[in-house]
Amino acid sequence: PTQATLESLIKNLPLTAHSDRQVYNGGPVDNMFVTIVHNNVSSKDPGVQIIPGVFMARSYDTLVEVLQSDTFKFRVFQGYAGWTSGQLETEFEKLSWVVSDVTSEAIFEENHGEELWKAALKNKGGIYKYFVEHTKDPLLN
């Protein structure tokens, strides 16, 4: 998470119980780009479904709809990560990324940062689990 809250990031946002929620860093590109990842399947405009029951949206109306409810789980991200044409594919080919299945529970888990990554790698098992249990510097991943 960043030090920013929803109310500090988005001007004229209706005051809700979630107004002081922290915003997460979505990447180094365009800090005016705000995305909400949420589980409001009944939203008028939920956005793109990224896994069953979890959506990614950029709509202000969707953000307000989610914030005004106490039943939905969500995270708000500021900025995004971007790649040039073919760059990400090349990184996958070079095995620069560890790919893993994800659940909605993991997406909305309260663990932050290093603990979330450790749990994901442990669940993957094998060399990844060994890495977590025997490496102290997360920058080596």
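Place a +1 charge on the Cβ of each Lys and Arg in the stretch 31-88 and a -1 charge on the Cβ of each Asp and Glu, then give the dipole magnitude about the Cα centre in debye, rounded to the nearest 20.
On the way: 4 positive and 4 negative charges, 30 e Å.
Using only the charged Cβ atoms, the result is roughly 140 debye.
Relative to the present Cα-Cα distance, how much length would full extension add between THR103 and THR16 at 0.36 nm per residue of separation?
Full extension from THR103 to THR16 adds 28.6 nm.
Measuring from label point to label point, each 7 Å out along Cα→Cβ, what is the MET32 to MET56 span in nm?
2.1 nm
Hey, if you put +1 on the Cβ of every Lys and Arg and -1 on every Asp and Glu Cβ in the stretch 1-111, which of THR90, HIS18, VAL102 ends up farthest toward the positive end of that dipole?
HIS18
Run the numbers for LYS124 and SER96: contour at 0.36 nm per residue of separation, minus the present Cα-Cα distance, in nm.
Difference between extended and current length: 8.5 nm.
Structure shown: which of LYS73/LYS136; LYS44/LYS122; LYS73/LYS94; LYS73/LYS129; LYS11/LYS118; LYS11/LYS73 lie over 26 Å apart, alpha-carbon to alpha-carbon?
From LYS73/LYS136; LYS44/LYS122; LYS73/LYS94; LYS73/LYS129; LYS11/LYS118; LYS11/LYS73, over 26 Å: LYS73/LYS136; LYS44/LYS122; LYS73/LYS94; LYS73/LYS129; LYS11/LYS118.
Can you give the FRET efficiency for HIS134 and LEU88, using 1/(1 + (r/R0)^6), R0 = 25 Å, r = Cβ-Cβ distance, to the nearest 0.05?
Efficiency, from the Cβ-Cβ distance: 0.30.
So how do 23-31, 10-18 stack up, highest first, on mean other-Cβ count within 10 Å?
23-31, 10-18
Report the net charge of residues surrounding ASN39, where surrounding means a beta-carbon distance below 14 angstrom and charges are Lys +1, Arg +1, Asp -1, Glu -1.
Values: positive: LYS73, ARG75; negative: GLU65, ASP70, GLU105, GLU109.
Combined, the nearby Lys, Arg, Asp and Glu give -2.
Charges at C-beta only: +1 for Lys and Arg, -1 for Asp and Glu. How large is the resulting dipole of the chain about its Cα centre, in Debye rounded to 20?
Details: 12 positive and 18 negative charges, 19 e Å.
Charge dipole of the chain: 100 debye, to the nearest 20.
By how many degrees, between 0 and 90 and to the nearest 10, does the Cα long axis of helix 114-124 differ from the longest principal axis of the chain?
Long axis of 114-124 versus the principal axis of the chain: about 60 degrees.
Read-outs throughout are calculated quantities, based only on the coordinates presented, and are distinct from any laboratory measurement. In this text, all values refer to a predicted model and were calculated from it rather than measured experimentally. Using ideal geometry, Cβ is built from the backbone for each residue, glycine included, and neighbour counts are taken over all protein chains shown.
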